[in-house]
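One structure, pasted below without further comment.
Derivation of every value follows stated rules applied to the coordinates shown; laboratory data play no part. Small disclaimer: the values here were computed from a predicted structure and weren't measured. Virtual Cβ from ideal backbone geometry, glycine too; neighbours counted across all protein chains shown.
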Amino acid sequence: MYIRGSFFTKSCCLVLSLLLITLLTTKAFAQSSSSKSDNTDLQEKLYRQALFYYFQGDKDNALVMMERGHEKLGQLDSRSSLFESGLQLSQGMLLQAHNTLIKFESNLAKETIKKQTVTVEQLAITNELLVVALLTLTERFLEQGEQAKAQHSLKQINQVPSQYYAQYHLLNQLAFWPQSDESLPLVLANSSEQKARSTADEDLLARYQIAKEKSPYIQLNNALLLLEQNNTDAAGALLTQIKSTPWHQPSLSFWQTLFAETVTNLDEKTAESQAIQDYAQLLLAQSYVKQQRFDLAYTELKAFPSNGPYAESAVFLFAFAAQNVQQYAVANKLLTLHFRKYPFSPLAWQSAELMAEQVSQQQSLAQGVSAYQKVEAYFKQRIKSLHDFQQAFSKANNLLEFSAVEAKDSHFKNESLVQYLPQSPWLQHALLDSQLSSLYQGLLDIDEQIMQSQALLEKTEWLAEIISLNQARKQRVVKQLQQQNYPEKIQALQLKRNTLAKQLAENVEQPLAATFADKTQLKWLQRITRSETAIATISPQKNTSDYQQRLTRLKGVLAWQMSEQHSDRAWQHQQQLKQVDSAIAGLTKRQNTVKQLSLSEANLSAKMLKQTQSKVELQQLIAKLTVLRKKMTALASSKVALFIDEQSLLLNEHLLSTRRGMAKVLEKMSEVDRKMAIKLSSSKLAASFDNRQPSPKNVNALNLQGEQ
Amino acid sequence: MKHGFKFLSILVLILSHCLVAQSQATAAEKEQSSSELNDELAQLKQQVLQLNRELFILEEDLLFPASTQLALFVSVDTGRFFTLDSVEVKINEREIAGFLYTDKQRTALEQGGIQKLYLGNLKLGEYQLTAIFTGTDDQGRLVKRAANYQFEKDDEAIMIELKLADDSKTYRTQVVVDEWVL
């Protein structure tokens, strides 16, 4: 985002190499751990699944993935913890991010004990990652105006690698402003610095120091301090240097981009650099004004960019300087431009008054009165506008719907929930307050959470239906099992198998020719038996010796054939028996599995219980979120009301002041009139007395007094 | 640009805090209140996340029990020789998953992400998985890379990662199938 990039004073290469080393060392850790056991490193797989979402910009789902990792894997490793912390930070879950960082530290310590081969360099890298996380956390606390938490977060940093020292230093200034924290940690020598020291390369160390001091934000802070200490010369020199030095944001590492909402757009980076220079220029002009060197301030602001974020302040200061160097025409135009262009700015309201005052002093009194009248009308119109805003705002039930700008060309389903942009300029000004802005962001977050919770609630209903269907299906299966009585059937099969096995064993032990005969052979055997019977019947009447001989030969051939095939067929039967054994074993196993599944009613009941609990929890959660929304709405409304009161007070003061100014001018006018009248009366006393008529100016003054 | 000026806003905020010393007590009270609400919101967000996690697990248990679960993942190792466009996965010649990648998704894979491509159910038994990746090579020509893998589904969940790995020796990308050991 803005600060983060500004403080990384080392070159892009260094940061990228750091990332590379980190990933390589982590990979090496993973490989060494996976080599110890054959199991896949599921921590790494989960981390990379979350990365898939993260690199697509889907941080919500990346965080959900990490959460699922907790459920599936229990505790996450240090790298995943750090990643989770970064995701939590990006989702505004600062406390959770803080707790996860604590877990990260403990995980890191455990892993260090486990992996005794961790080098000093590896430890330095992990320390750097922790510092990146804590610095970003501090920054987020500062954005929310939570100084104490920011201070606490900073104090957890024991050592700061040199490239983050500038960021640390600045955040330290902001967190402890105007005091400074005395307990600044020592700069940790990172691998490169160690190398520099070992080779006694003083130049390299000096470069680190210069880089640290080159941070434009630190320089701006230093200039502010110098101005407060009235050391204007030194402040001027510093500001001149900042405003003339172009500044480039260095590239960020993966972890820095994870924790920070980085400015990646080139235009934004250029604009940020320009803004720093503009601010330095404005401060410099302000310091000249403070020293009453108005000519220098006038020259400085002459070339101030008109479209920058500080243009409003610059115009006012420029007009003030112009007045003081007697460039009244310029000053008048600038003041008029200022209060017309920025009608909601308190600074512009001052400009309006100044303009009227200047016209009264530099032009005629009549023109002065006219200018004051315009300014008076301007303030009345402002007060009315503020009143209208107050009325409309007090009627708003949902703050996020009040005066909201509708998102055009929305590519995302819930884009309206991402940001709230009010149309009302008053509310836009009120939202410059960080706390109010944070409350509005909170309201957006709550709406998103309620939406997610409702989606989850719908899911619980759906899950309940699935569980019911499963239960019904299971009951059907159990009923079918009871009807079929599969164990009995399997037992019967087993008995049959045993009988066959016994028979086979007997046949193998006492081989008979016809035991393993096939169908053809059996038919032949039957025919031979029939033929023997027939021969025996006809043998008394006829000579059957020839038949008997032929039958005997046939029987011999068949017996020989069957004995040849006996062993093969016995083996085949044994194999078939084994197959039957295997089939029965599979059947028994399957039957047991089905039995166990059918008996595991408790499993589905537990799931149903879980579903019911989740449903209740979600309902409670939605109720809590609704209550929280009401609280936040009330707080935001009170803050807006306070803002309205303040603005109203300010505008009324300006109106009063304008009327006083106008009264003074009118007094002067009447005095001039009186003097003129006396003058005229002395020369043409009688004539002027008779012909005296009320002047248009006096008529105007009378009207105004009447109105007041 | 708005981000760029936050630092200055913070500075102005802090300075204004210092200047308006009289209203510090009131401001501190409100700050505390606002801070408490923020903390409360963060806690509720965490609870929503936890419930989301629990319901996801429950859903997965119900729809894809471990005894029948099959999960397929896709990852890319550097992607120098192959720019991924789409993937098609078949099991026993039956198409079960397909995916067309956007630039963002491809980049996410090339940066180390792993995509869960498919989650489904399979009965016990032996299967043949076929994965066909379509994309372009470093010369911009349309190429296909495929892999076959035989696996047996038992009572445990099975997770298979399809890795597109660059082979610097052959300047080609290969599909490596890695079955996770749980």
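Each residue of segment B:106-113 in turn: what ³J(HN,Hα) in whole Hz from Karplus with 6.51, -1.76, 1.60 and θ = phi - 60°, glycine and Pro shown as x?
So the J values, rounded to whole Hz, are 5, 4, 4, 5, 5, 8, x, x.
Over segment A:526-611, one equal point on each Cα, no solvent: what is log10 I(q)/I(0) by the Debye formula at q = 0.15, 0.17, 0.25 Å⁻¹?
One equal scatterer on each Cα of segment A:526-611 leads to -0.79, -0.85, -1.11.
What list of ³J(HN,Hα) values in whole Hz, one per residue of segment A:444-456 in order, does the Karplus curve 6.51 cos²θ - 1.76 cosθ + 1.60 (θ = phi - 60°) give from phi, with Gly and Pro shown as x?
4, 4, 4, 4, 5, 5, 4, 4, 5, 5, 5, 4, 5
Determine the distance separating the Cα centre of segment A:578-622 from the Cα centre of segment B:128-168; give it in Å without decimals.
The distance from the Cα centre of segment A:578-622 to that of segment B:128-168 comes to 34 Å.
Separate question: If packing is taken as the average count of other Cβ atoms within 10 Å, what order do B:143-152, A:134-143, A:438-447, A:329-338 fall into, highest mean first? Display every interim value, and only then the final one.
On the way: B:143-152: 13.8, A:134-143: 24.5, A:438-447: 21.6, A:329-338: 19.8.
Answer by packing, highest mean first, reads A:134-143, A:438-447, A:329-338, B:143-152.
With point charges of +1 on the Cβ of Lys and Arg and -1 on the Cβ of Asp and Glu, referenced to the Cα centre of segment A:556-651, which listed residue (A:Leu618, A:Gln561, A:Leu650) lies farthest in the positive direction of the dipole?
A:Leu650
What is the gain in length, in nm to one decimal, between A:Glu312 and A:Leu577 on full extension, counting 0.36 nm per residue of separation less the C-alpha to C-alpha distance?
85.6 nm
Suppose every Lys and Arg Cβ carries +1 and every Asp and Glu Cβ carries -1, with no other charges. What dipole size does segment B:69-179 come out with about its Cα centre, to the nearest 20 debye?
Working: 14 positive and 19 negative charges, 80 e Å.
Result for segment B:69-179 is approximately 380 debye, rounded to the nearest 20.
Take the cross-link list A:Lys610/A:Lys639; A:Lys459/B:Lys123; A:Lys578/B:Lys163; A:Lys45/B:Lys90 and give me the ones stretching past 32 Å between alpha-carbons. Write down the numbers at each step before the final one.
Numbers: A:Lys610/A:Lys639 42 Å; A:Lys459/B:Lys123 27 Å; A:Lys578/B:Lys163 42 Å; A:Lys45/B:Lys90 23 Å.
Exceeds cut-off: A:Lys610/A:Lys639; A:Lys578/B:Lys163.
Quick one: Karplus J couplings for segment A:294-299, per residue in order, coefficients 6.51, -1.76, 1.60, θ = phi - 60°, nearest Hz, x for Gly and Pro?
My calculation for segment A:294-299 gives 5, 5, 5, 4, 4, 5 Hz in order.
Would you please give the residues with an amide H less than 5 Å from that of B:Arg172, counting only those at least 5 places away or on a separate chain, with H modeled from the backbone geometry?
Those lying under 5 Å, H to H, from B:Arg172 are B:Asp167.
Which cross-chain or sequence-distant (5 or more) residues have an amide H under 5 Å from the amide H of A:Phe304, H modelled 1.01 Å from N in plane?
Amide H neighbours of A:Phe304, under 5 Å, 5+ apart: none.
In vacuum, with every alpha carbon of segment A:302-342 counted as one equal point scatterer, what does the Debye formula give for log10 I(q)/I(0) at q = 0.35 Å⁻¹? Two decimals, please.
Log10 I(q)/I(0), no solvent term: -1.22.
Looking at segment A:311-397, how many pairs of lysines come closer than 25 Å at the Cα, when each pair is eight or more places apart or spans two chains?
Close lysine pairs under the 25 Å cut-off: 9.
In nm², what is the average projected area of the convex hull enclosing the Cα atoms of segment A:532-681?
Details: hull surface 116.7 nm².
The number I arrive at for segment A:532-681 is 29.2 nm².
Please order A:Val477, A:Val640 by the number of other Cβ within 10 Å, starting at the fewest. It would help to have the intermediate numbers written out before the result.
Details: A:Val477 13, A:Val640 25.
With the fewest neighbours first, A:Val477, A:Val640 line up as A:Val477, A:Val640.
How large is the translational diffusion coefficient of segment A:263-381 in µm² per second when you combine the Kirkwood radius over alpha carbon pairs with Stokes-Einstein at 37 °C and 0.692 mPa s?
Working: Rh = 15.1 Å.
In µm²/s, the coefficient rounds to 217.
Given the peptides A:453-460, A:94-101, B:174-181, arrange them by the average over their residues of other C-beta atoms within 10 Å, most packed first. Walk me through the intermediate numbers first.
Numbers: A:453-460: 17.8, A:94-101: 20.9, B:174-181: 15.1.
Highest to lowest by the protection proxy: A:94-101, A:453-460, B:174-181.
Here's another thing I want to ask about it. Per residue of B:152-162, what is the mean number of Cβ atoms on other protein chains within 10 angstrom of that residue's Cβ? Can you show the working numbers first?
Values: counts 0, 0, 0, 1, 0, 0, 0, 3, 0, 3, 0.
Average neighbour count from other chains, rounded to a whole number: 1.
Once you have all Cα-Cα distances for segment B:69-179, histogram them in 5 Å bins from zero and send the whole-percent values.
2, 12, 23, 25, 17, 11, 6, 2, 0, 0
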